[in-house]
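Inspection log for the structure reproduced underneath, given as structure tokens.
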Amino acid sequence: MVKIGLLHTTIRGDEKLLIETARQKKCNLEIVDIRNEFFAPGKKYRWDVVIERCVSTVKGKYAIAYFESKGIPVINSLRVASLCEDKFLTSLELAKNNVSTPEFAMAFSLEQAQNAIEHMGGFPVVVKPALGSWGRLLAKINDNDALEAVLEHKTVLGTPPHGAFYLQKYIEKKGWDIRAFVLDGEVICAIARRSEHWITNTARGGKAENFRVDKKLESICKKASNAVGGGILAIDVIQTSSGYTVNEINHTMEFKNSEIPTGVSISGAIIDYCIKTAKL
Amino acid sequence: MTSQCPVCDATVTLSDSAEVSEIIACTDCSTQLVVADKKGTDVTLEEAPAVEEDWGE
């Protein structure tokens, strides 16, 4: 019987699905709220594999590092988590591996942001926290006045990470984009997220419906997954007139609202992946 | 299983498989609640922690 450690900092509907599925598949599942733990050398664990499902990105990454140091495989790995948690690092890796992604830059001052935007072909651009999720603190910047205001606010009101301005060329989505659920490089299903707002995250009100996966989507997602190290990923893709482009990659994906529209047991696929990893 | 919402005192129904640290919503006041403790069918609910800056996918 495969012994799985499921790490969390809160149990959402996604974790409930994983727990129920693991029990149905007769896995020996131990659920650990890492807020009730301390991590230090010398402690022993009997798991064959760990799945990290912490909603706290910071805490989750430390947990991944700890269990990897003990030789226990963790899904997702420290490399995957480190790359995917940071949008600039993700973009660099995608670009290095020739995966289509919107033009991007990092700048630390207004003047350099202006230079970067000119380099990228001009406005509009999107300013995003390099470390952030759920469509929060995104700003579509249409002109220099807005750029000045937003960057000043980020610099004065934000913590130091907000002083690193991750800029991305704005890509017109025409009201929808795609989230592909990718396990070990393979797209198991995908949803289209529709919204009248340019931010289509379901956390911001975007509506999910099944999206028929085609060969080109499979191909770009495989390349993107390989670029960041594989594992279980939610890859956000925009369809443009010149093909698919990868917007960003999520390494602790939420999927509970996608099982019904797609008809795919994403939780089942994840647990099967954990079992396969444990047996390697 | 049932418990009381700590905010509005409504009776909140939970499934028997509710886990400690699980997030649920009060159906009366919509407050996000967390299962703080569970001993058999005796469940304690608290207000769920506020979303923090590093929360997400």
**OP:** Estimate for me the total accessible surface buried between chains A and B (protein heavy atoms, probe 1.4 Å, no ligands or nucleic acids), in Å² to the nearest 100.
**Re:** 1700 Å²
**OP:** Pop out the carbon and sulfur fraction of the accessible area of the stretch A:102-202 as a percent, whole number, probe 1.4 Å.
**Re:** 54 percent
Original post:
Hey, got the Cα dimensions of the stretch A:188-230 along the principal axes, in Å, largest first?
Top reply: 31, 22, 15
Original post:
Which value, in Å² rounded to 10, gives the accessible area of A:Phe123 with a 1.4 Å probe and all protein chains present?
Top reply: 70 Å²
Original post:
In percent, how large is the relative contact order of chain A, given Cα pairs closer than 8 Å and 6 or more residues apart?
Top reply: 20 percent
**OP:** For the protein assembly as shown, go through all pairs of different Cα atoms, get the mean of 1/r, take its inverse, and jot down that Kirkwood value in Å.
**Re:** 21.2 Å
Original post:
What does the convex hull of the alpha-carbon atoms of chain B project to on average, in nm²?
Top reply: 4.2 nm²
Original post:
How much solvent-accessible surface does B:Cys8 expose, in Å² to the nearest 10, with a 1.4 Å probe and all protein chains in place?
Top reply: 50 Å²
Original post:
When DSSP assigns beta bridges and you keep just the ones with both residues in chain A, what percent turn out antiparallel, to the nearest 5?
Top reply: 75 percent
Subject >> Within-13-Å neighbourhood charge of A:Arg46 [Cβ basis; K, R +1; D, E -1] >> reply: +2
Subject >> Most mobile listed residue (A:Asn201, A:Asn76, A:Asn257) in chain A, GNM with C-alpha springs under 10 Å >> reply: A:Asn257
Subject >> Residues with amide H under 5 Å from that of B:Leu14, placed H, sequence gap 5 or more >> reply: B:Thr2, B:Ser3
Original post:
Which whole-number value in Å² is the accessible area per residue of the protein assembly as shown, probe 1.4 Å?
Top reply: 47 Å²
Original post:
How many lysine pairs does the stretch A:1-99 hold where the Cα atoms are under 22 Å apart and the two sit 8 or more places apart or on different chains?
Top reply: 22
Original post:
Add -39500 (n - 2.57) for each DSSP H run of 4 or more in the protein assembly as shown, then divide by its residues: what number comes out at 222 nm, to the nearest 500 deg cm²/dmol?
Top reply: -8500 deg cm²/dmol
**OP:** Return a whole-number percent for the relative contact order of the stretch A:156-239, with Cα pairs under 8 Å and 6 or more residues apart as the contact set.
**Re:** 35 percent
**OP:** Considering only protein heavy atoms, with the full assembly of protein chains and a 1.4 angstrom probe, order A:Glu30, B:Glu57 by accessible area, largest first.
**Re:** A:Glu30, B:Glu57
Subject >> Within-15-Å neighbourhood charge of A:Pro129 [Cβ basis; K, R +1; D, E -1] >> reply: -1
Original post:
Cα extents of the stretch A:45-88 along the three principal axes, largest first, in whole Å?
Top reply: 35, 17, 12
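The values are calculated or read from the model by the stated rules, or taken from the named source; none is laboratory data. As the structure is a computational prediction, the values presented were derived from the model and not from experiment. Quick reminder, even Gly has a Cβ in these numbers, built from the backbone with ideal geometry, and neighbours come from all protein chains shown. SASA here: full protein model, heavy atoms, side chains in, ligands and nucleic acids out. Shrake-Rupley method; radii C 1.70, N 1.55, O 1.52, S 1.80 Å.
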